[in-house]
Every structure is written in C-alpha cells, then in structure tokens.
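Heads up, the thing below is written out as structure tokens.
The values are calculated or read from the model by the stated rules, or taken from the named source; none is laboratory data. Everything quoted here is computed from the prediction, not taken from an experiment. Here the Cβ is made from the backbone with ideal geometry for all residues, glycine too, and neighbour counts use every protein chain on show. What goes into the accessible areas is simple: the full protein's heavy atoms, side chains included, and nothing from ligands, DNA or RNA. Shrake-Rupley method; radii C 1.70, N 1.55, O 1.52, S 1.80 Å.
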Amino acid sequence: MTLTKESFHGALPPASEVTKADMDSTREKEEALLQSVTTSGAVVPRKRAVGRLVMHSMAMFGREFCYAVEAAFVTPVLLSVGLPKNLYSLVWLISPILGFVLQPVVGSASDHCTCSWGRRRPYILGLGIIMLLGMALYLNGDVMISAFIGERDNRRTWAIVITMLGVVLFDFAADFIDGPIKAYLFDVCSHQDKEKGLHYHALFTGLGGALGYLTGAMDWGQTVLGYSLASEFQVIFFFAALVFLVCLTVHLRSIPEVPLRYKNEETKILLEVTESYKYSSIEEEIKNGYLKSTCTEIKAAAKPGKCAVMSHTEDQRRMTLKSLLKTLLSMPSHYRYLCVSHLFGWMAFLSNMLFFTDFMGQVVYQGSPYAPHNSTLYLTYKTGVEVGCWGLCINAISSSAYSYLQKILLPYIGLKGLYFIGYLLFGLGTGLIGLFPNVYSTLALCSLFGVMSSTLYTVPFHLIAEYHREEESLKLQDGEQAGEHGRGKGIDCAALTCMVQLAQIILGVGLGLLVSVAGSAVTVISASTVALIGCCFVAFCVRYVE
C-alpha cells in the first residue's frame, strides 16, 4: 500500500462538532508527520540534532581505540609468545576470509531484519561482544595459559593458539562492524545529515585512534595499575574494554531505528519516530479518534506504535546465498569500480599500518624482537615500538583534523579531489619513509597517514549515499516507489567493507611472505606503490555524481 498525502486526507471521516476542537489542536502534528512521507510512500528521515550524530559516532571512537591498541601491540604480542614466522601470514588470512564470505550475507540479512529493536543494532551489539572477547584473548592469552599450564612447551603452544584465536575474532568483528554502523547512519538520517554523520565518524575515528595509540605509547609498567595487574597488556585491555563498552552503549542509544515488520509475508511495516524519540502510531499522535480504521491495511498490519507504509515481497526478504551473489554480480559498474578503488586504498593502508611499529623497531631503531628479553637489542626494539605508537598517534590526530578540513575543501575540489589527494599524499609519504628511515622524518610524515585514513572512512561511503540518492530520484521520476530495488544500503555498505577483508587476504598471502624474506622495510615500499596505482584508478575509473 502506498500512503500519499491525498489518500491520507481522503481516508479521514467527516469531523463532527464534538471532535472539531481536537482536530484543530492536532493539525500541526498531522502536518509534521505527513512531511516525513513523500508522495511515493517512502519515509524521509527528519533532521537529526548534532548531539545525536555525535552519539552515533561514538561507536567509531571506541572501535578505533581498540583498533589502535591492536595495531600497536598485535605484532609484538605474537612475536613475544613465540609465533613461528611461517604461521604469521595465517593470522591475517583466517579472519578476512571469514569476513569476505559472510559480510554480504549479514549485510543483506540486516536489510531485512525484523527485530523490534531495529535492523542494524542487534548485529552491532553482537559484533561488539565478539570484539571484546577477541581482545581479551590476544592481550591476556599468555597470562591465562600460564595460570593453568605449568609445562613450558605446552604453555608456549597453547599461548600461541589462544593469542591467534583472539586476533582472528577481534579482526573479524572489528572489520565486520563498520558495515552495519554505516547502514544504520544511512537508515536514520536525511542526505544532509548523512554527510555530517560521515564527517563526525571520521573525526571520532581519528580521536579514538589517537587516544588508543597514546595509551599504547605510555609505560604502564611503572604505574599503580602496572603493579596491580599481571602485565602491561592487562592494563591496556582494562582501558580498551572500558572505553569500548561506554562508546558502544552511547551509540546504541543514539538514534532510534526504524524496524521492519511483515504482514502476511508481503507487507513491510516501517516505524516513524516522533519528536520525543519514541515509537508511536498515527492514532496516538492524533488523539480522540481523528484517524479511524478506514485505512484497513495499516490497522490490520500495525500493532500499537507501528505504521505500515511500504510493501515488500517474501522472496526479497529471504535472500539465499545464490541470489545474494547474483545481486552482487549484477551491481552497476560504477559500484564495482568504487569497490576496486577501495580495495587499492585498504591494501596500501593496511600494509603500512599492520607492520609500522615493527618497522620502527627493526628498521629505524635497528632492534630485534627475537633477541632475549633482557638484551639490548630487544630493549631497543621495544623503544622503537613505543615511538611507533607515537607516530600512529600523530596519524590519528591528523585524521581527525583532516576530516574537519574535508568539509571546507569539498565545495572547491569535490569528492574526486578529496579521493585523489588522499591516495596521492599517502603514496608519497610512505615512499619517502621507505627511502629515508629516519626517526624524525618518519614521525613528521606520519601525519600523511591520517589523510588516507580519513579519506577511506568518508569518501567511498559518501559516494554510496550519492549513488542511492541518484537512483531514488530517477525512480521517483519514473513514478516508482523509492526504495523498490533488490539491493539495500546494507548490502552496498557490506560490499564496500568486504574490500577491507579482501585486502587483508591479499596481504596475508603476499606481504607476509615478503616480510619473512626481505624484512619490514618492504611494507612501506609496497604501500607507496599500491597507493599510487590506486591514485590513477580513482582519477580515471571511479564515477562521481555531478
């Protein structure tokens, strides 16, 4: 059923003298409700307060805080528990393979999720719990195993297994959670608020990363917490878990979602959110029976607090994996080109970030993670890792600053200019670091990493929003319902996020072998090369909406 303004008024019964006063007093509420429904029947989200968008962005703050902890410590942790070099690539392969296979499935499932809490938030909560579990295992695995196993060889083996499991779980959930968060933003915000929301996401991503790297750069062993807990890694876990739990809770309570319901396997029920941020029906909004049961489809389908405004077929709701793959392959070419450019960007970014602290320890400071822990070589390596954390902190701060600068640059250079500059500066910066591995020049050039980070978290998703806006406008011109297409925003965001997992798979197969043969220096050179290739792809292949 399509609910239009004309049919809406045509369905109203004649007003009696008794109800006329109530009708007059509630007409403003009715008009406000009608403004959220277009003539095509699609619900247009109303304008969101800045505070709500900031609350929504807190998930990115907490996620990036934990990501920063992983980027700073995962390589030293894996090497310190004695992980063999030939298993190092395996760690980076398992999680992205799982994510690459399951991400589109979950993206499509969230598009058609009928949970009363909303479509995206149940997935965000579940993935957040998995993130915490993975972080607990890889930061505390060695201590946990030492408490239960006394024999040295068995303890080492189990410590490696538990730590690897923790890294896999954390990476899987942390990469996975980005898609539902972005789809959640797109669902509940107007086009203008989507742009603001993406900029706030990038801003808080940078701030979370800066705080996470700063936490990793501090020497917690000499503090009260360091003496109280078994290791420095446990102190880091305490702070990371606390920050993430607070941020996740704020995010989940930021903006009420618009849940879906189904009537007779064909009618999809969409909840409209009132100004008090509570779900309420039209009957509750316009009191004293101003709207009666004339709109039978609505009354039959909706429970108290629900309003049916769109229709959907069962075969679209229950997408099998086969039909899902068909949907992905049938995506318009400009979506596929955007995914490829996103793949180049993440390959370049991850090849640098995953090995950066190790690069600082081994190449810049000339230390060794394999030396005895009381030796000068190992202590030098540890110093390099700490300085690398400061470099990543600079990267995160510059990411926040650049995300704000993007809003100023966008009217002048457009999305194409922002996309191109991000890849170009990152490629030049990593190339110079590889050629001149000096402490001070490396730290200065870390600011260019933040430009790339902010670009990857904003511009591709901004383009997705532009593509959907263009498609909906064309459908309205053709007289179709906006939103009546096989792909939802969830699956498009998932397809884009899949490129992160695919980048990890490629790096796990290729870069891990190169590092074991040529050392960490090869990572920054590879990052520079891939970024400059992606720069050309962004300039000539990606489509930009005028």
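Things worth noting here:
- Hits in the range 81-126 (condition: of a type outside the set (A, V, I, L, M, F, W, C) and part of a loop (DSSP other than H, G, I, E, B)): G82, P84, H112, T114, S116, G118, R119, R120
- Restricted to the range 129-248, the set of helices (runs of 4 or more DSSP H) holding at least 1 residues that are surrounded by 23 or more Cβ atoms within 10 Å (Cβ to Cβ) and in contact (Cβ under 8 Å) with a residue 12 or more places away in the chain comprises 152-176, 178-188, 191-217.
- Of the set (1) open to solvent by 20 Å² or more (accessible area, probe 1.4 Å); (2) at pLDDT 85 or above, all apply to R120 but (1).
- Boolean, L409 is open to solvent by 40 Å² or more (accessible area, probe 1.4 Å) and either among the aliphatic types (A, V, I, L, M) or closer than 22 Å to V363 by Cα (or both): yes
- Taken together, the criteria place V74 among residues that are at pLDDT 75 or above, crowded, with 22+ Cβ neighbours inside 10 Å and of a type outside the set (D, E, K, R).
- Residues in the range 420-473 that are among the aromatic types (F, W, Y), surrounded by 18 or more Cβ atoms within 10 Å (Cβ to Cβ) and within 26 Å of W390 (Cα to Cα): 4 in all.
- Cβ-Cβ contacts under 7 Å between residues 6 or more apart (or on different chains), taken from a first residue in the range 519-546 that is under 23 Å from Y337 (Cβ atoms) to a second residue that is at pLDDT 90 or above and among the basic types (K, R), are listed as Y544/K416.
- Summed over the range 87-111, residues that are open to solvent by 20 Å² or more (accessible area, probe 1.4 Å), closer than 15 Å to V161 by Cα and at pLDDT below 75 total 4.
- Among the criteria (1) of a type outside the set (K, R); (2) at pLDDT below 85; (3) out of contact with any strand residue (DSSP E or B) (no Cβ under 7 Å at 6 or more places or on another chain); (4) open to solvent by 10 Å² or more (accessible area, probe 1.4 Å), the one T114 does not fulfil is (3).
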